[in-house]
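What follows is a short report on a single structure.
The values are calculated or read from the model by the stated rules, or taken from the named source; none is laboratory data. What you are looking at is a predicted structure, and each value in this text was computed from that prediction instead of being measured. Here Cβ is always computed from backbone atoms with ideal geometry, including for glycine, and neighbour counts include all displayed protein chains. Ligands, DNA and RNA are stripped out before the accessible areas are found, and what is left, the full protein with its side chains, is counted by its heavy atoms. Shrake-Rupley method; radii C 1.70, N 1.55, O 1.52, S 1.80 Å.
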Amino acid sequence: MWDYSEKVKEHFYNPRNVGALPDANGVGDVGSLNCGDALRLSIKVNPETEVIEAATFQTFGCGSAIASSSALTEIIKGLPLDEALKVSNQDIADYLDGLPPEKMHCSVMGREALQAAVANYRGVEWKDDHEEGALICKCFAVDAVMIEETIRANNLRTVQDVAHYTKAGGGCAACHEGIEEVLTRVLAEQGITFDPEAVSKVDQPEPLPIAATIKPAGKLTTVQRIHRIEQIIDSIRPNLRMDGGDCELVEVDGNIIYVNMVGACAGCGMAAMTIGGIQQRLMEELGEFIRVIPAEHMQHPHPNPLPRGEGAQRAPVEQRRAAHG
Amino acid sequence: MADIYLDNNATTACDAKVVEAMLPYFLEQFGNPSSMHSFGSGVGRALSKARKQVQALLGAEHDSEIIFTSCGTESDNTAILSALKCFPNRKEIITTAVEHPAVLALCTQLEKEGYTIHRLAVDGKGRLDLDEYKKLLTPNVAIVSVMWANNETGTLFPVLEMAELAHAADIQFHTDAVQAVGKVPIDLKNSNIDMLSVSGHKLHAPKGIGVLYLKRGVRFRPLFRGGHQERGRRAGTENAASVIGLGQACELAQEHIECENVQVKALRDRLEQGILAQVPNCFVTGDADHRLPNTCNIAFEYIEGESILMLLNKQGIAASSGSACTSGSLEPSHVMRAMGIPYTAAHGTIRFSLSRYNTQAEIDRVVAAVPPIIADLRKMSPYWGENGPVEEPGKAFAPVYA
Ligand SMILES: Cc1ncc(COP(=O)(O)O)c(C=O)c1O
Ligand code: FES
């Protein structure tokens, strides 16, 4: 069975705001009768203040659809419409302490029902831009449609390209066969044969959101550097939280960064991999060789040199040399 | 109150006698049966006893027709891939639309590699059309693979007759009997079945042990090559303890086959009738007159299976659902889709699968628990009104995207 958070279970067993809302002035229906996925959100908006005074839902859905809908109604009650529209599906998932990657679409449905209900209240037509495909990468919750569109938009050719642009495939690598199939299909549309041995054209990873907020690497003071490391870890945090874990910066000692893995990440089989991923990201962002080590190894004079697991690639030789010289 | 386990088509508890038979083979008799010393020879004898126990349950003519594998999935894959190797010029496979993924996913892959897969359709009750089947039996077909009993609905397929037809057309016939073994009497020596798959964990043996029955003289190519184990047809040191456990489980299954078809069946019927009598808008899926004695699959309209399971689980009742809300959107099982069950019902299918360990008191508790759960969930459904489905659900709920 799904590993639902306590919060999801609690909202499932005791859903808030269930049923029709007799004096609703905005109703949003999303889903489809054909596939049985369905959510109706009813809202009562105060026309003077544009504040949502009441919200209820009805759903033909799985446990997380019920919990997501319940959470959504709780979040938006009392909010002005414009504030409510800013609620993202990630906000819904966060409110529930995370959803399994396969179930994120339940929170997407919630957000879309809200947009539809608001459009209905305002008397405008809501156009759905929603298209979701089969889930390909479980590590990063990326579906086939997202991968296809990214391949087309950026002329991607290899699994590595796809990982750089969408993150899909950048974790455990179990989905690489699936990504190759998508590549084969999309490239065939353009008359190109997928070549599994092609070399990735992407040397530099796509600038990640964090890069926009931080200045490129230059000479940083110690405080700036630590601040920046924290910012980078913060940017990874939502992914860790999605798996029910977290990571906390403990100490920076030259190129060695000690972290505390907490929650589901601590001691789970994926911890080594997760640390590998964090290390990779820090190296990319800081442009120097970094070694990330669990804080519990801090006492040991010679900690485990490099974390194990697929994510823990060795740094290129130049980087290692740079680190020592 | 103890929990109630009604998910025996997913897996079963090991019988205590099975565990007892296995235990000495971990600490004391740990030898390799191929070894030339006393540590090995005792194990070798125990393995041949197990082989005979399996042979007896399957009604196989020779004990050398029993090949131990790691699971039902391995047996299925071995059988199909063997036929393709044996008959490289035959590029077609006949199977059904409702097989287990152990067969279907392999066939989908083979299709990508250029094979033609004929997936026999089923009708609303999950039954095959044998005329359609007969037309497909041409010399281009390498193998027919048809399950004996469906894991979701329990529906039985006429595999003996289908094997005969395949035999007459000179085509190998394989059946995935993972759900049937121990519940349906099987007499392979008087059949035209060439290969048959068994999985231990469905009949109170451990997980990770299976059997491929291979009729003597049927052309075969192994999946694994290596040592001479299983007469070179499945290399790899034997999973001795599990093989011995499976042997014991087969002996017990033979002793209990009548119990399965009388007592267990009576409990299943009591459960089914109890629920149908109390819950509106629900129905049994599959071929109710030709199905496994332990399985009952009920579609509850206008609600979703996972929610039902979670509420059952809260009351200590374990069952399973044909709805998998996994990716993109809700996906009803391929078996329900093949039968043409409407989506509003297919999502609410719940499979109750019993074993000889279930009691009448347990069944009565489930019959009492189900109706309020269904009623509560329907209160949340946009397709359900005060006392029944809303009129014209398609109109009452008209979502923006389809
Ligand atoms: C009909 C059928 N075939 C094959 C399998 C796979 O067996 P195993 O789990 O031993 O690989 C199962 C059980 O999951 C099954 O029900
Ligand atoms: S599933 Fe895609 S990287 Fe793990």
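For the stretch A:108-179, the set of GluC sites (Glu not before Pro) satisfying both a DSSP loop assignment and a count of at most 11 other C-beta atoms within 10 Å is given as A:125.
Between residue B:219 and residue B:123, the FRET efficiency from the beta-carbon distance, with R0 = 45 Å, is close to 0.85. Charges were assigned to the Cβ only: +1 to each Lys and Arg, -1 to each Asp and Glu. The resulting dipole of the protein assembly as shown about its Cα centre is roughly 1900 debye. Accessible surface computed residue by residue for chain B, with neighbouring protein chains in place and a 1.4 Å probe, gives 40 Å² per residue.
Near residue A:81, once Lys and Arg are set to +1 and Asp and Glu to -1 for all other residues with Cβ below 9 Å from its Cβ, the sum equals -2. Inter-part distance, the stretch B:131-181 to the stretch A:122-190, computed on C-alpha centroids, equals 39 Å.
Where does the longest stretch of chain B lie that holds no trypsin sites (Lys or Arg not before Pro) found in a DSSP loop with 13 or fewer other Cβ atoms within 10 Å? For trypsin sites (Lys or Arg not before Pro) (loop position, at most 13 other Cβ atoms within 10 Å), the longest site-free span of chain B is B:1-215.
Taking Lys and Arg as +1 and Asp and Glu as -1, the other residues whose beta-carbon sits under 10 Å from that of residue B:230 total +3. Projecting the Cα atoms of A:159, A:187, A:139 onto the charge dipole of the stretch A:135-189, computed from C-beta unit charges around the Cα centre, puts A:139 farthest toward the positive end.
Classified by the C-alpha gyration tensor, the stretch A:117-172 has a prolate form. Its axis ratio a/c, with a ≥ b ≥ c, is 1.5 or above, and a/b is larger than b/c.
Hand me the trypsin sites (Lys or Arg not before Pro) from the stretch A:51-133 located in a DSSP loop with no more than 13 other Cβ atoms within 10 Å, in residue order please.
A:86, A:127
Heavy atoms of chains B and A lose about 3300 Å² of accessible surface on contact, summed over both sides with a 1.4 Å probe. Treating each Cα of the stretch A:6-122 as one equal point scatterer and applying the Debye formula with no solvent, the log10 of I(q)/I(0) at q = 0.09, 0.15 Å⁻¹ comes out as -0.20, -0.55.
Other residues lying with their Cβ under 12 Å from the Cβ of residue B:134 contribute a combined charge of -4, Lys and Arg counting +1, Asp and Glu -1. The stretch B:272-298 and the stretch B:10-29 have Cα centres separated by 34 Å.
Think of the stretch B:16-253 as a dipole: +1 on every Lys or Arg Cβ, -1 on every Asp or Glu Cβ, centred on the Cα centre; then among B:118, B:95, B:38, B:38 lies furthest on the positive end. Applying a DSSP loop filter and a limit of 16 other Cβ atoms within 10 Å to the chymotrypsin sites (Phe, Trp or Tyr not before Pro) in the stretch B:338-372 leaves B:357. Each Lys and Arg adds +1 at its Cβ and each Asp and Glu adds -1 at its Cβ; summed about the Cα centre, chain B shows a dipole of about 1080 debye. Between residue A:248 and residue B:16, the modelled labels are 4.8 nm apart [label points 7 Å from Cα along Cα→Cβ].
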